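The structure appears right after this line, and notes come after that.
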Amino acid sequence: MRIENWNNMDFSTYLDKVYGCWLGKCICGSIGAPLEGCKQLFDYRFDPAFWKIARPNDDLELQILWLNVLEAVGLDLDSDDLAQAFLDNVPYNPGEYAYFKRNFRRGIHPPVSGTYNNHFYHEGMGCCIRAEIWACLAAGDPELAGRICRLDGRLDHSAESVYSESFIAAMEAAAFVESDLDRLIDAGLTAIPADSKLARLVADTRRFCREESDWRIVHERILRGYGHPDCTNMFENIGITLAALLMSGGDIEEATLIALNSGFDTDCTCGIAGAILGIVMGAEQLQKTYGMSDTGFVTNFDVHRSSDRIQVLASDIARLTLEAERFWNRALRITGAPPEVEAFRLPVRSRELRFETEYDGPPALTAGGKAECALLICNLSGEAISGRLALKAMKELALEYRPECTIPAGGSARIPIRVRHLHPDRITDALTVEAEFRGTRYVFGFAAATPWRAYGPYWGNFSTVPQVDLEGGRYQDFVSTHGFPNHSTAIRNYHLNMRAGLDIAAPDEAALVAGTTDSPPHALIQALDDLIPVDGAFGFQGPAVFYLVSEFATKEAMTITISIGRSCPLVFFLDGKEMARADFETCRTPENINLNAFDLPAGRHRAVFKIARQGEQVKLSINYKTGFRPGERIDAHIVGLEFFN
């Protein structure tokens with residue numbers, strides 16, 4: 001979609017809107033930051049002092065990082081450029097960021113880095129909060145904005161969340177030349193599939209806002225249809241953002257209050273609403289009408305800019321506009337740019353090749369197992385090229401592929417690769433392969449599946465009855481009604497169900513925990529990611545207790561923490577010591593249990609779960625975390641553990 005009747009814009013107007021975008025993003029996002037994650041309604045009244053709040057926010061920091069990449073690489077950047085900058089600079093690892101970083105450290109590139117193992121957070125808000133920089137470069141061209149931002153979104157998210165960044169970027173790009181909120185939403189919709197869940201959310205939220213006069217009722221209806229236990233889930237928060245815009249009538253003060261009082265991911269909802277309305281109004285009107293001022297921006301890490309003034313940041317982004325106009329043939333032309341902007345040039349990267357990896361299934365190998373992938377080599381030059389592909393793998397891998405390759409000008413070659421792991425008894429996480437073709441190198445890789453030795457099932461009855469006289473005795477008379485409302489209910493539960501609790505133990509539980517048992521496992525589970533597929537290991541149905549044993553080694557001592565996701569009661573042991581216990585069922589998240597940081601010595605370790613499946617199925621996961629470099633928080637997923645079958 002291209003906005004009609006807008007072909008040209010004076011640079012001063014464009015810059016004012018870019019500045020308004022970042023004033024709204026920084027200040028409104030800072031207002032929402034203190035309540036980030038609060039899943040409840042509030043009743044704040046606006047205070048002019050709110051406009052003075054300045055807090056660090058990843059919503060801003062990552063986009064400043066993208067600006068650095070653009071200045072270093074140019075507009076011919078790709079997802080790997082952004083991914084490397086993310087990995088090298090960002091010291092925190094919440095949610096989807098941690099899954100992306102772990103995958104990229106393993107050699108798993110975008111888009112798979114955003115989807116593999118990222119079951120819970122793949123539809124988070126961490127994607128659409130990074131839309132503004134792309135919108136500023138694609139001003140007036142929603143289609144372009146929705147397209148280029150996908151290079152960013154696919155680092156750490158899957159389809160619907162990537163759509164959300166396209167949706168917001170397209171809205172914001174349109175806001176440079178259109179002020180009507182409904183037309184802005186229409187522009188956003190052109191950037192996403194009409195049959196997507198996000199498109200349905202947008203349609204429903206618009207309808208709710210037409211039908212209700214109270215934003216609180218709209219909020220209730222959004223959660224009824226799209227609510228999620230994660231406070232950062234994209235669907236509920238995009239709904240809140242749209243409701244804030246529509247129910248406020250475009251008043252940035254009112255929109256910020258609605259988003260703030262709605263709770264959930266408030267820094268994101270406030271920040272996006274503020275950015276959209278900031279573009280529409282421009283910085284001059286924000287300052288004149290609302291009393292906003294340049295608070296400066298605050299960051300959690302050094303973003304390597306010359307100034308912390310929002311106006312300087314806006315100017316640094318705006319000076320890229322003519323380069324973006326030329327490179328992407330943007331619809332909107334900027335006129336009257338000052339000489340320094342006219343003269344500004346981004347680097348032009350000269351490269352012959354670009355690589356991508358395609359996996360046939362999950363990017364994971366089992367000990368002694370096989371996998372298949374394909375290396376896609378893209379010829380960026382203007383002529384056909386030929387050469388010999390060389391792959392150098394870790395010593396525990398064997399590769400089969402055809403090395404000779406010819407690629408037409410502007411075309412690509414797809415090289416199938418068969419990968420075989422050579423050690424059936426052990427496997428090291430992050431199994432990498434270095435590719436070299438015509439002097440260009442590229443590293444790709446696989447995760448290691450975690451072997452779990454499984455024991456079980458162990459279960460009990462709701463009653464224990466004596467041996468009765470077969471000629472006239474009734475065992476039913478001995479079934480206890482304890483815990484049941486009546487004897488009939490107790491009998492039918494005795495017949496139709498089983499009991500599983502942490503009080504039920506294997507005969508050799510102590511030996512299983514200590515690692516001294518002589519009993520062979522009853523099943524071997526290969527967990528292709530953090531989720532442990534317990535239910536598929538046994539044909540036994542219903543409640544039962546199982547034990548799961550994993551042995552792994554670390555090359556050096558480290559300070560770690562452990563996150564456990566669970567739907568069932570469990571006890572977790574590490575090296576014979578009970579580390580965690582939970583006695584009730586719940587909805588599994590990746591972090592139902594977070595252990596305090598502790599020192600783990602180098603060497604071999606034994607992790608044991610005792611779980612009580614009390615329903616039809618169980619969801620269970622484990623994740624070891626540490627900090628990889630000075631200053632990085634101890635919440636980065638560990639890469640490089642060696643696991644033993």
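The values are calculated or read from the model by the stated rules, or taken from the named source; none is laboratory data. Model, not experiment: these values are computed from the prediction. Neighbour counts run over all protein chains shown; Cβ positions are idealised from the backbone, glycine included. In case anyone asks, the SASA skips ligands and DNA or RNA and just uses the protein heavy atoms, side chains included. Shrake-Rupley method; radii C 1.70, N 1.55, O 1.52, S 1.80 Å.
Listing for the model above:
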| read-out | value |
| --- | --- |
| Lys pairs under 27 Å by Cα in the range 1-147, provided they are eight or more residues apart or on distinct chains | 6 |
| Reach of LYS555 by Cα under 18 Å, taken over lysines that are not fewer than 8 positions away in the same chain | LYS395, LYS625 |
| Portion, in percent, of the accessible area of the range 496-587 that falls on carbon or sulfur, probe 1.4 Å | 53 percent |
| Cα principal axis extents for the chain, largest first, Å | 102, 67, 43 |
| Built amide H within the under 5 Å cut-off of GLY296, gap 5+ | ILE310 |
| Simple spin-label estimate for TYR92 and SER386 in nanometres, 7 Å along Cα-Cβ | 5.5 nm |
| Karplus-derived HN-Hα couplings along the range 631-642 (A = 6.51, B = -1.76, C = 1.60, θ = phi - 60°), whole Hz, x at Gly and Pro | x, 7, 5, 7, 9, 8, 5, 6, 10, x, 5, 9 |
| Axial C-alpha extent at least 20 Å, average Kyte-Doolittle at least 1.0 - helices from the chain (DSSP) | 234-248 |
| Proximal lysines relative to LYS577, as straight alpha-carbon distance under 17 Å, when same-chain residues fewer than 8 apart are discounted | LYS610 |
| Length gained when the stretch ARG216-ASP308 is fully extended (0.36 nm per residue, less Cα-Cα span) | 29.5 nm |
| Sequence ranges 245-252, 401-408, ranked by mean other-Cβ count within 10 angstrom, highest first | 245-252, 401-408 |
| Extension gain (nm, one decimal) between THR489 and GLU71, 0.36 nm per residue minus Cα-Cα | 143.4 nm |
| 5 angstrom amide H check on ARG349, placed H, neighbours 5+ away | ASP76 |
| Ranked packing of 127-133, 173-179, most packed first, by mean Cβ within 10 Å | 127-133, 173-179 |
| Net charge contributed by nearby residues that have their C-beta within less than 10 Å of ALA430 (K/R +1, D/E -1) | +2 |
| Simple label model, 7 Å out from Cα along Cβ direction - ARG604 to ASP518, nm | 1.9 nm |
| Vicinal HN-Hα couplings computed from phi for the range 343-348 (Karplus, 6.51 cos²θ - 1.76 cosθ + 1.60; Hz; Gly/Pro x) | 7, 5, 9, 7, x, 10 |
| Reciprocal mean inverse distance between Cα atoms of the range 496-562 - Kirkwood radius, Å | 14.8 Å |
| For the range 291-432, alpha-carbon Rg over 2.2 N^0.38 Å | 1.65 |
| Separation of the ASP47 and LEU595 label points, Cα + 7 Å toward Cβ, nm | 4.2 nm |
| The chain, helix-only ellipticity at 222 nm - DSSP H runs n ≥ 4, -39,500 (n - 2.57), divided by all residues, nearest 500 | -10000 deg cm²/dmol |
